[in-house]
Amino acid sequence: MEMKKRISLELRNRTPAEVTELVVDNCRTSDGEVEGLTDDFKELEFLSMVNVGLTSLAKLPSLPKLRKLELSDNNISGHLETLSEKSPNLTYLNLSGNKIKELSNVEALQNLKNLKSLDLFNCEITTLEEYRESIFELLPQVTYLDGFDQEDNEAPDSEADADDDEGEDGAGPTGDYDDEDDDEEEEEEVSEGREVGLSYLMKEKIQDEEDDDDYAEEEDGKGEDKNCY
């Protein structure tokens, strides 16, 4: 599917100005350029154009609010100065699987002052000696390169961590509370069982004594009859 048509479908009866996220992965450009995007997408914050055959970003429109840009698995080799001109507020840029070979290819990213995360995985540039050290020196504003910082600490997934924490916090007290309730119920059942058991035993004992008395009276009666004769 052509990129223009895909973008038109993704609008879903919205105007470009109402769109904050746009994913057009695996569609196709006719000439390796961005197609169908205009300056009207002024509220766009997340854009994904993975595997669409891009060779250039020269026709990228002005996207002042764009924060996250996915461009993996394309054929981009450089000329990235367009990004700082059209999307100066980028904080995350994924260029993995492109034709980036030299440090000079990413030098233009120095002008992206808010860039915190850069992904160049599967690009030829990663085979250069002291690749990571060189990128961090060239782009001091970048905190995470290919998912790791300079000390090899993995980039945190803040949303996933938050969900996990909420789940643990929520489950802990509830679980403990339920256990306490179960223990209390079990103790009550045991106590009731003891009371029932004692009552039953007392009744049995009383009944046995009454039966013994009746039997003794019968024996006395038989003895008296024999004496009469």
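The values are calculated or read from the model by the stated rules, or taken from the named source; none is laboratory data. Just so you know, these numbers come straight off a predicted model, no measurement behind them. For neighbour counting, all protein chains shown are included, and Cβ atoms are generated from backbone atoms with ideal geometry for every residue, glycine included. For the accessible areas, the whole protein counts, side chains as well, though only heavy atoms, and no ligand, DNA or RNA atoms are used. Shrake-Rupley method; radii C 1.70, N 1.55, O 1.52, S 1.80 Å.
Among residues of region 43-87 being more than 25 Å from MET1 (Cα to Cα) and open to solvent by less than 50 Å² (accessible area, probe 1.4 Å), the one that is modelled with the lowest pLDDT is GLY78. Within the set LEU47, LEU37, LEU60, LEU54, the sole residue that is within 21 Å of ALA108 (Cβ to Cβ) and not in a loop (DSSP other than H, G, I, E, B) turns out to be LEU47.
Are any residues in region 98-126 in contact with an Asp or Glu (Cβ under 7 Å, 6 or more places away or on another chain) and assigned to a helix (DSSP H, G or I), and if so, which ones? Selection gives ALA108, ILE125.
Which one is farthest from the chain's Cα centre (by Cα), of the residues in region 93-124 that are buried (at least 18 other Cβ atoms within 10 Å of the Cβ), farther than 18 Å from VAL52 by Cα and not small (Gly, Ala, Ser)? Top of the filtered list is ASN105. The numbered conditions (1) touching a Leu at 6+ places or on another chain (Cβ under 8 Å); (2) open to solvent by 60 Å² or more (accessible area, probe 1.4 Å) are all true for ASN26 except (1). In region 1-18, of all residues being part of a helix (DSSP H, G or I) and over 16 Å from LEU63 (Cβ atoms), the one that is least open to solvent (accessible area, probe 1.4 Å) corresponds to ARG6. Against the test of being of a type outside the set (Val, Ile, Thr) and part of a loop (DSSP other than H, G, I, E, B), the options GLU133, GLU129, GLU137 yield a single qualifying residue, GLU129.
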